[in-house]
Amino acid sequence: MLAQKNTLLNAYVNIRNLRDLGVNLPIQIWHGGEEEIVGNFKHLVKDFNVEFIDAFSLRSSIPCRILNGWELKVYAIKWCRFNRILSLDADSFAVKNPLFIFDTKEFKDTGAIFFPDQMTFRPDHKMWSLMNIDFKEEREFETGQIFLEKNKTWEPLCLT
């Protein structure tokens with residue numbers, strides 16, 4: 001329960017911060033059941049154009065074999081109603097309005113912007129053999145911040 005309260009506290013601060021930075025896009029909070037939204041959180045964010053999506057309920061009409069941690073992120077990105085998506089973890093805080101990234105050449109060319117994580121894939125990671133590619137020493141990407149345009153990235157998104 002403490003983890004949920006901390007996550008919701010982070011989400012509230014993040015929502016307020018985004019609005020203060022001038023981000024006026026609608027916000028969706030995807031969750032794994034109403035029990036994850038504790039206390040008066042919905043009331044606290046009611047004036048900030050926040051929509052709550054219960055992924056576990058949606059799962060009955062749009063099946064998903066596994067719907068935990070990172071899988072919920074991918075499921076939310078795939079099935080949200082938006083084409084252009086800024087996906088932020090509750091504890092990922094912007095220091096300036098991040099929407100300029102949608103206008104960058106890199107985003108326009110690829111439909112995706114990812115940020116590096118601190119970890120690197122090991123040479124013995126099963127990913128290399130599963131994907132039938134040679135080991136490449138590079139950092140993993142951070143899933144706490146993702147910019148994506150679904151109509152340009154649909155196939156890889158479905159693969160994920």
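The values are calculated or read from the model by the stated rules, or taken from the named source; none is laboratory data. These numbers come from a predicted model, not from an experiment. Cβ placement follows ideal geometry from the backbone for every residue including glycine, while neighbour counts extend to all protein chains displayed. The accessibility values were calculated without ligands, DNA or RNA, using every heavy atom of the protein model including side chains. Shrake-Rupley method; radii C 1.70, N 1.55, O 1.52, S 1.80 Å.
Observations, loosely collected:
- Flag for residue 142 being in contact with a Ser or Thr (Cβ under 9 Å, 6 or more places away or on another chain), in a loop (DSSP other than H, G, I, E, B), at pLDDT below 90 and acidic (Asp, Glu): no
- Long-range neighbours under 7 Å by Cβ, at least six apart or interchain, first residue within 21 Å of residue 69 (Cα to Cα) within the stretch 132-160, second charged (D, E, K, R) and surrounded by 14 or more Cβ atoms within 10 Å (Cβ to Cβ): 143/73; 144/89; 157/78; 157/150
- Top-ranked residue of the stretch 60-103 - restricted to ones that are touching a Leu at 6+ places or on another chain (Cβ under 6 Å) and open to solvent by 30 Å² or more (accessible area, probe 1.4 Å), ranked as farthest from residue 28 (Cα to Cα): 97
- When residues of the stretch 1-31 are limited to those that are of a type in the set (Gly, Ala, Ser) and out of contact with any strand residue (DSSP E or B) (no Cβ under 8 Å at 6 or more places or on another chain), the one farthest from residue 89 (Cα to Cα): 22
- Here residue 5 does not fit the description of being free of Cβ contacts under 8 Å to residues at least 40 places away in the same chain, assigned to a helix (DSSP H, G or I) and under 30 Å from residue 100 (Cα atoms).
- Of all the residues in the stretch 104-116, those that are open to solvent by 40 Å² or more (accessible area, probe 1.4 Å) and either closer than 10 Å to residue 141 by Cβ or among the hydrophobic types (A, V, I, L, M, F, W, C) (or both) number 3.
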